[in-house]
Amino acid sequence: MPYNGMKILGLHCSPRGTASRTRRLVAAVLAGAGKAGAETELIDAADLSIVPCTACDACTLTGSCVHDDDVPLLLERLQGADGIVWGSPVYVDNVSGQCKILIDRLADAMHYQLLFGKYGCAVATTHTSGAGAVTAYLNHVLGYLGVVAIGEVHAALGDGAPALEEAEDAAASLGAALAAAIATHAPYPEKEAIIADNRAFFSRIVVENRDWRPGAYEEWVARGWIDGTADGDDPHR
Ligand SMILES: Cc1cc2nc3c(=O)[nH]c(=O)nc-3n(C[C@H](O)[C@H](O)[C@H](O)COP(=O)(O)O)c2cc1C
């Protein structure tokens, strides 16, 4: 079994539970990955307690959030996965509110590249508009987190029932492609270049916080992501 031990986590952000079409499409991606041998899990973000970011800056200063909710556990699950399938319904041509609240809460994980080295993909459903923009945005956010986004699947369901079934076929193929990318450490030079650019930008935060988050700073030096010398680290150079 080539993909033995590989874990792929699906995360969807519709509040409609098992009635959600987005959930169904994320599940189809996971089924494709599962068929290829990956271990999969699907999390309903709307079932979790996720408090909106209050911009207190505690995470920047300490690495921890002041809110006592499910985000740390969710982040742990995401960190334990090799691949992430992120889905949202289109709400007014954007992600759902539940999804955006979660994204804001992951800002520190973006700055510190806590999901670096993983692969992912995006899923969206809509009645008519915005699904391509939402998958592009989710993949953009995955890139901020350090995740190489390999593709997307989306469906406009207002035009009748076959759209979802058709998208499920594409979703299964996407899941198989995601598993293959993880198994082979497939190179995605353009995505990796964007992630490297983002990381260079975020490195200023890691350097500025080095006195109170020395462990993370040292890890970035060890990874070669920051220079580690006083001059080389000057974020204002
Ligand atoms: C608050 C809200 C906003 C929506 N906004 C749009 C929209 O801008 N464009 C659109 O075509 N459909 C829109 N829809 C329809 C949903 O995107 C569509 O029904 C989607 O498939 C729901 O996914 P779900 O079954 O996973 O919850 C909206 C639905 C809701 C509840």
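The values are calculated or read from the model by the stated rules, or taken from the named source; none is laboratory data. Worth saying up front: this structure is predicted, and the values here are computed from it rather than measured. Reconstructed Cβ throughout: ideal geometry from the backbone, glycine too, with neighbour counts over all protein chains shown. Accessible surface areas use protein heavy atoms only, side chains included; no ligands, DNA or RNA. Shrake-Rupley method; radii C 1.70, N 1.55, O 1.52, S 1.80 Å.
Considering only Gly32, Gly17, Gly224, give the residue with the highest GNM mean-square fluctuation for the chain, with springs between Cα atoms whenever their separation is below 10 Å.
Comparing Gly32, Gly17, Gly224 in a Gaussian network model of the chain, the most mobile one is Gly224.
Once the Cα atoms of helix 189-208 and of the chain are each reduced to a long axis, what angle between those two axes, in degrees from 0 to 90 to the nearest 10, is obtained?
For 189-208 against the chain, the angle is about 40 degrees.
Of Tyr119, Ala196, Gly175, which is farthest towards the positive pole of the chain's charge dipole, taken about the Cα centre with +1 and -1 on the beta-carbons of Lys, Arg and Asp, Glu respectively?
Comparing the listed Cα positions along the dipole, Gly175 ranks first.
Which value, to two decimals, describes the C-alpha radius of gyration of the chain once divided by 2.2 N^0.38 Å? All intermediate terms of the calculation are to be shown ahead of the outcome.
Values: Rg = 18.2 Å, N = 237, 2.2 N^0.38 = 17.6 Å.
Rg over 2.2 N^0.38 Å, computed on Cα atoms: 1.04.
Using the alpha-carbon atoms, what tilt in degrees (0 to 90, nearest 10) does helix 131-144 show relative to the longest principal axis of the chain?
The helix 131-144 is inclined about 30 degrees to the chain.
Computing the accessible area with a 1.4 Å probe over protein heavy atoms, can you report the carbon and sulfur percentage for the chain? Walk me through the intermediate numbers first.
Details: 5940 of 11330 Å².
Taking all protein chains in place, the chain shows 52 percent carbon and sulfur surface.
Roughly how many Å² is the accessible area per residue of the chain, as a whole number, for a 1.4 Å probe?
Details: 11330 Å² over 237 residues.
Dividing the accessible area of the chain by its residue count gives 48 Å².
Show me 203-209, 86-92, 70-76 ranked by packing, highest mean number of other Cβ atoms within 10 Å first. Write down the numbers at each step before the final one.
On the way: 203-209: 18.1, 86-92: 24.9, 70-76: 15.9.
The peptides rank, most packed first, as 86-92, 203-209, 70-76.
With +1 on the Cβ of every Lys and Arg and -1 on the Cβ of every Asp and Glu, and nothing else charged, how large is the dipole of the chain about its Cα centre, in debye rounded to the nearest 20? It would help to have the intermediate numbers written out before the result.
Working: 17 positive and 30 negative charges, 70 e Å.
About 340 debye.
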